[in-house]
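The values are calculated or read from the model by the stated rules, or taken from the named source; none is laboratory data. Small disclaimer: the values here were computed from a predicted structure and weren't measured. Here the Cβ positions follow ideal geometry from the backbone for every residue, glycine too, while neighbour counts run over all protein chains shown. Just so you know, the surface numbers come from the protein's heavy atoms only, side chains and all, with ligands and any DNA or RNA stripped out. Shrake-Rupley method; radii C 1.70, N 1.55, O 1.52, S 1.80 Å.
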Amino acid sequence: IVVAIALCAVCLACARGLFTGRLLAGHDAPAYPVTQHQFDLNIREGVLFPRWAPDMRYGYGHPQLQFRPPTLHYLGEPLYLLTGHPFLSLNLTLVGLVFVACLGMYLLARVYLRPAWAALAATAYITCHYYLADLYLRGAYYEISAMACLPWILWAQARLLEGTRTVAPFLLGALAWTGAFCGHPATATFLAPLAAAHAVVSWRNTR
């Protein structure tokens, strides 16, 4: 319980600037509300895999969504439908991603470390300079969505190679890989060699 309270406090501290209905000042931040709105228009029309932004370019449309990774916008869509507010819905989605990243890193670290050290690893993951710069300086929200998936990928590999008989690691691992590639393909690609090395080491340690 103490670890859970401590990690929640760390997540809230990292995400404190996101509890607002205003647009943040990140470099790329202004692009996301527009994309979320165009994504929402497709969803409302029953297009479940949006690739076309219908209102852009003076109403002629634009293939913007063909090049914008969809994980963030799928996660933000329920909040957008509830609030009708693109800034607030995206900011709250990012808050959720901070918690997902923290929990994933904690569970991954718990495979190898005691709870206190695992909590320290999770804290380090979401408080490192690059992560916070993505949130508040660069406005690289697609990277944030992919980074939330990365520890879950390695955790699933570790659990599967331990010989667990439950389907949860398989399902969560597949979902995490999908979320990473659909969140930020470059980040997922950069992880692939590390994931392969981690799988080899885990297999050698558990065979």
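Only helices reaching 24 angstrom along their own axis (Cα) with mean Kyte-Doolittle hydropathy no lower than 1.6 count here, and for the DSSP H runs of the chain these are 86-110. When +1 charges are put on Lys and Arg Cβ atoms and -1 charges on Asp and Glu Cβ atoms, the dipole computed for the stretch 110-165 relative to its Cα centre reaches about 240 debye.
What part of the accessible area of the stretch 155-207, given as a whole %, is carbon or sulfur when the probe is 1.4 angstrom? Percent of accessible area from carbon and sulfur atoms in the stretch 155-207: 70. Distance between the 7 Å Cα→Cβ label points at H62 and R204: 5.0 nm. Charge dipole of the chain (Cα centre as origin; +1 on each Lys and Arg Cβ, -1 on each Asp and Glu Cβ, all else neutral): 520 debye, rounded to the nearest 20. Toward the positive end of the charge dipole of the chain, with +1 on the Cβ of Lys and Arg and -1 on the Cβ of Asp and Glu, the farthest Cα among A29, L135, H198 is that of H198.
Solvent-accessible surface of the chain, taken per residue with a 1.4 Å probe and all protein chains present: 53 Å². In this structure, the amide hydrogen of H62, modeled 1.01 Å from its nitrogen in the peptide plane, lies closer than 5 angstrom to those of A53, M56, counting only residues at least 5 positions away or on a different chain. A simple spin-label model places the labels of C128 and V34 3.1 nm from each other, with each point 7 Å out along Cα-to-Cβ.
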